[in-house]
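Notes to accompany the following structure.
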Amino acid sequence: KNLILPNTLATIGEEMFYQSKLKTVVIPANVTTIGGSAFKNCSSLATVTFEQGSQLKTIAGGYYSGTFYGCTALTSIEIPASVEIIENGAFYMAESLTMVTFEKGSKLKAIGTEKRSTDAGGVFYQCISLNSIEIPSSVETIGWSAFVHCSSLSTITFEEGAKLKAMLPGAVGYCYSLNSIKIPASVETIGLEAFCNCSSLATIS
C-alpha cells in the first residue's frame with residue numbers, strides 16, 4: 001500500500017504497478033522515465049509526490065495506457081518543472097482529481113498531442129472533479145480534446161507571459177461549467193470544436 005523507491009532509480013517501467021493497492025508513492029528525483037500504464041487503475045492511489053529537483057521529462061499516455069489512467073482516488077498533483085509534455089490519456093478518468101498545479105519554472109510545452117487519438121482520449125479526459133487550472137506560460141499547445149468532459153471545470157487561466165500558440169480541436173469540449181475565458185494574445189490557432197458544448201460559456205475575450 002505504501003512504497004519508498006530508491007533514490008538511484010531512473011526508470012519505472014510500463015505497467016509496473018498496474019492495478020496495485022498503492023495508496024501513496026514518492027517518485028525519486030532521478031527518475032527520467034515513467035512508462036505507460038505504470039499506475040493504471042491504481043484505484044486507491046491518493047497521493048503522488050515528485051521529489052524536489054525531479055528530472056522527469058514526460059508523463060506518458062497512449063492507447064489506453066496513460067500513466068495515471070483510472071486513478072480514481074487521486075485528488076491533486078503537482079507536475080514537476082522538468083516535464084515538457086503530458087501525453088494524451090495521462091490522467092484518463094481520474095475522476096476525483098480536483099487540483100492540478102505546476103511547479104514554479106515549468107518547462108511544459110504541450111498538454112496533449114497535436115494528432116487526434118481516439119483510443120487514448122485527451123490528457124484530462126473525464127476528470128469530472130477538476131474545477132480550475134492555470135496553464136504555465138511555457139505551454140505552446142493545448143492538444144486534442146485535452147480537457148474534454150471536465151464537467152466541473154469553471155476556470156481556465158494562463159500564467160502571465162503566455163506563449164500559447166494553438167488550442168487544438170475539442171481542447172475544452174463539453175466543459176459545461178466554463179463560463180468565461182481570456183485567450184492569450186499569442187494564440188494563432190483555435191481548432192474545430194475547441195469549445196464544443198460548453199453550454200455555460202458566456203464571455204470570450
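Pull up region 23-52, narrow it to residues that are open to solvent by 50 Å² or more (accessible area, probe 1.4 Å) and under 18 Å from SER106 (Cα atoms), then point me to the one that is farthest from the chain's Cα centre (by Cα).
ASN30
Within region 61-84, which residues are closer than 16 Å to THR11 by Cα and of a type in the set (Ser, Thr, Tyr)?
The answer is THR67, SER82.
Do the conditions hold for PHE17, that is, is it open to solvent by less than 10 Å² (accessible area, probe 1.4 Å), at pLDDT 95 or above and more than 22 Å from VAL139 (Cβ to Cβ)?
no
Check off (1) outside any loop (DSSP other than H, G, I, E, B); (2) touching a Pro at 6+ places or on another chain (Cβ under 8 Å) for LEU56 and give me the number that stays unchecked.
(1) is the only condition that LEU56 fails.
Residue by residue through region 157-177, note down the ones that are closer than 27 Å to GLY105 by Cβ and open to solvent by 10 Å² or more (accessible area, probe 1.4 Å).
THR157, PHE158, GLU159, GLU160, GLY161, ALA162, LYS163, LYS165, ALA166, LEU168
From the list ALA38, ALA10, exactly one residue is farther than 15 Å from ALA94 by Cα and either of a type outside the set (S, T, N, Q) or at pLDDT below 95 (or both). Which is it?
ALA10
β-branched (Val, Ile, Thr), surrounded by fewer than 20 Cβ atoms within 10 Å (Cβ to Cβ), touching a Ser or Thr at 6+ places or on another chain (Cβ under 8 Å) and under 27 Å from THR8 (Cβ atoms): is that true of THR58 in this structure?
When the stated conditions are applied, THR58 passes them.
Just checking, which of SER106, SER200, SER145 is outside any strand (DSSP E or B), more than 13 Å from the chain's Cα centre (by Cα), closer than 26 Å to CYS71 by Cα and of a type in the set (S, T, N, Q)?
None of the other options fit; the residue is SER106.
The values are calculated or read from the model by the stated rules, or taken from the named source; none is laboratory data. Everything numeric here is computed off the predicted structure, so don't read it as measured data. Because the Cβ atoms are built from the backbone with ideal geometry, glycine has one as well, and the counts that use them run over all protein chains shown. Just so you know, the surface numbers come from the protein's heavy atoms only, side chains and all, with ligands and any DNA or RNA stripped out. Shrake-Rupley method; radii C 1.70, N 1.55, O 1.52, S 1.80 Å.
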